[in-house]
Structures are given as C-alpha cells and as structure tokens.
1. I'm checking my understanding of the structure. Among residues of segment 1-25 that are modelled with pLDDT of 90 or more and hydroxyl-bearing (Ser, Thr, Tyr), which one is nearest to residue 233 (Cα to Cα)?
2. Looking at 114, 139, which is the one that is part of a loop (DSSP other than H, G, I, E, B), of a type in the set (Ser, Thr, Tyr) and under 21 Å from residue 52 (Cβ atoms)?
3. Could you tell me whether any residue of segment 168-191 is more than 23 Å from residue 16 (Cβ to Cβ), touching a residue at least 40 places away in the same chain (Cβ under 8 Å) and not in a strand (DSSP E or B)?
4. Determine which member of the set 200, 208, 220, 216 is touching a Ser or Thr at 6+ places or on another chain (Cβ under 9 Å), modelled with pLDDT of 95 or more and among the hydrophobic types (A, V, I, L, M, F, W, C).
5. Condition test on residue 147, is it at pLDDT 95 or above and surrounded by 24 or more Cβ atoms within 10 Å (Cβ to Cβ)?
6. Give me the pairs: first residue in segment 88-102 and surrounded by fewer than 22 Cβ atoms within 10 Å (Cβ to Cβ), second residue of a type in the set (Phe, Trp, Tyr) and assigned to a loop (DSSP other than H, G, I, E, B), beta-carbon distance under 7 Å, and six or more apart or on different chains, which are they?
7. Condition check: among the polar types (S, T, N, Q), more than 13 Å from the chain's Cα centre (by Cα) and farther than 19 Å from residue 233 by Cα. Does residue 185 satisfy that?
8. I'm trying to understand the selection: among the residues of segment 26-57, which are hydroxyl-bearing (Ser, Thr, Tyr), closer than 17 Å to residue 228 by Cα, at pLDDT below 95 and part of a loop (DSSP other than H, G, I, E, B)?
Amino acid sequence: MTTTLERDDPLIIAGKTFRSRLMTGTGKHRTMDDLVSSVQSSGTQIITVAIRRLNLDNPNEKTVLDYIDWDRFQILPNTAGCKTADEAVFTAKLAREVTRSNWIKVEVIPDPKYLLPDPIGTFDACKRLVNEGFVVLPYIGADAVLARRLEDIGCATVMPLGSPIGSGQGVLTAEEISIIIERASVPVVVDAGLGVPSDASQVMELGADAVLVNTAIAQAQNPALMGEAFKLGVQAGRKAYLAGRMKKKVYASPSSPTEGVVTATSPA
C-alpha cells in the first residue's frame with residue numbers, strides 16, 4: 001500500500017520518480033522464493049543485479065532475471081566482481097545489452113578481503129560511462145571530495161558505504177556521510193554494511209535520500225519479514241528527518257510545565 005509520504009515525497013533519480021526509498025539486492029538469498037517474497041514485502045522499486053555473476057552462456061538456464069517482473073521494477077545492473085575501470089566499462093556495456101537498461105551501478109573493487117572500492121578506478125569508469133550515455137550510480141567510500149567530483153562529471157547519485165560490504169557492522173561513517181549529504185545536489189544512497197532497520201533509519205534521519213540493502217535481508221532468518229522491517233525503518237527515518245529533530249541539550253529539561261504547580265504550601 002502506498003503511503004501519503006511516498007506519494008508526496010518521491011525519490012527522483014535521473015528524471016525518474018520512485019515512491020520507495022529502499023533499494024534491494026538479489027545476491028545471497030538462500031532460495032528464489034526468499035528473494036521474491038522479500039522484494040514484495042520491502043516495497044522496493046529499484047533492484048540491483050550482478051551481471052558478471054549470471055550464467056549468460058546457457059540460454060536455457062534460469063537466472064534471477066527470470067524470477068522478477070521487470071515491468072514493475074527499475075533494474076539496476078551492477079559491475080560487482082570488476083577489479084579495474086576497464087572491466088567495469090566492459091561489464092556495463094554487457095549489462096546494457098542484456099537488460100536493455102542504460103542504468104548502471106559502478107563497483108570497482110580490487111581488494112578481495114575488505115572489498116573497499118577503488119576511488120581512482122571508480123572515477124575513471126564513471127567518467128567514461130557518463131560520456132557514453134549511461135545513468136551512473138557509483139558505489140564509493142564515504143569520501144566527500146570524491147562524491148563531489150563524481151557529481152560534477154554527471155553521475156546520477158553517489159552511493160557511500162556505511163561499513164564494508166556484507167559486514168552488517170552498521171553505520172561507521174556517519175560523520176562522513178553527513179558531509180556528503182550537506183554538499184550533494186544529487187541523491188545520496190547509503191549502500192553496504194547496514195545490518196538492521198535501525199541502521200537504515202539512522203542514515204535516513206541524517207538526510208540520506210535512500211539506502212540499498214542486500215545481505216541484511218537475504219541472510220535474515222525470515223527475509224520477507226526483514227524486507228518489511230527495512231521498509232518501515234526507511235519510512236520512519238525519512239519522516240524523522242522531515243519532521244526535524246529536537247535540539248540536543250547538555251542538561252535535563254522537564255517535559256511537564258513548571259508554572260502553576262501545586263505545592264505543599266499552596267492554599268487549599
């Protein structure tokens with residue numbers, strides 16, 4: 001069910017309007033039934049797919065692309081598994097042929113242990129892909145300078161990490177993300193490391209425009225229920241941001257009125 005907030009406060013990326021501010025991934029699900037049910041319960045409208053991890057050599061073998069109704073969702077192919085800019089550009093072009101979409105999430109990750117994105121390779125790949133007409137959504141470290149440079153060359157969003165991919169450590173980069181949000185004129189999508197819905201709420205409260213969640217949903221004991229929980233966490237965080245939180249104070253402040261309080265010496 002679409003909420004009033006989703007109708008009146010849409011997410012806009014590259015001219016496209018979305019009600020949901022939760023993007024989801026398709027990796028690490030134990031079964032395709034888990035994937036489909038979590039997609040439905042999450043209310044997501046943008047779904048990422050790792051093109052390099054699909055078996056495209058056998059046309060008779062079903063892939064994740066066969067289990068999702070792509071008329072209902074924005075497919076966001078990604079370049080997961082690419083270690084260099086050249087590999088990312090090649091994969092993006094392959095993805096465009098396979099999905100008929102010019103949207104691409106750029107990931108350039110040479111380090112297999114910590115899976116931290118390569119800022120130089122990412123910038124190089126993004127610049128080349130923007131020039132070739134792609135709608136580019138780059139996955140980056142929480143680097144405000146790089147985020148601004150990517151925006152300047154025409155990227156549709158910036159996607160800083162909360163913590164390492166798949167770690168579930170939550171938001172370790174809140175201060176850096178806040179700086180990126182303050183300076184950005186394109187949507188800021190926090191991607192990677194979110195473990196529970198409160199992590200999503202936290203970055204949405206900071207002013208992030210959206211979050212992308214994969215492992216936290218896919219590896220939950222009940223992925224469908226966790227998908228719904230993340231949907232509600234994103235909505236709560238967005239509402240809190242729009243409402244404007246109270247100012248923090250050093251000392252306590254009574255919530256009840258202090259004037260006209262009855263005391264033991266008050267006349268009967």
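1. Restricting attention to segment 1-25, the residues satisfying the condition of being modelled with pLDDT of 90 or more are 9-25.
This time we only want the ones that are hydroxyl-bearing (Ser, Thr, Tyr), so: 17, 20, 24.
On the way: 17: 21, 20: 12, 24: 14 Å.
Here the residue is 20.
2. Working: 139 fails: part of a loop (DSSP other than H, G, I, E, B).
That would be 114, the only listed residue that is part of a loop (DSSP other than H, G, I, E, B), of a type in the set (Ser, Thr, Tyr) and under 21 Å from residue 52 (Cβ atoms).
3. Looking for residues that are more than 23 Å from residue 16 (Cβ to Cβ), touching a residue at least 40 places away in the same chain (Cβ under 8 Å) and not in a strand (DSSP E or B), one finds at least one in segment 168-191, hence yes.
4. Numbers: 200 fails: touching a Ser or Thr at 6+ places or on another chain (Cβ under 9 Å); 208 fails: touching a Ser or Thr at 6+ places or on another chain (Cβ under 9 Å); 216 fails: touching a Ser or Thr at 6+ places or on another chain (Cβ under 9 Å).
From the options 200, 208, 220, 216, the qualifying one is 220.
5. On the way: at pLDDT 95 or above: yes; surrounded by 24 or more Cβ atoms within 10 Å (Cβ to Cβ): yes.
Answer is yes for this residue.
6. Partner pairs satisfying both residue conditions: 102/134.
7. Numbers: among the polar types (S, T, N, Q): yes; more than 13 Å from the chain's Cα centre (by Cα): yes; farther than 19 Å from residue 233 by Cα: yes.
Judged against the criteria, residue 185 is a match.
8. 26, the sole residue that qualifies.
The values are calculated or read from the model by the stated rules, or taken from the named source; none is laboratory data. All values reported here derive from a predicted model rather than from experimental measurement. Virtual Cβ from ideal backbone geometry, glycine too; neighbours counted across all protein chains shown.
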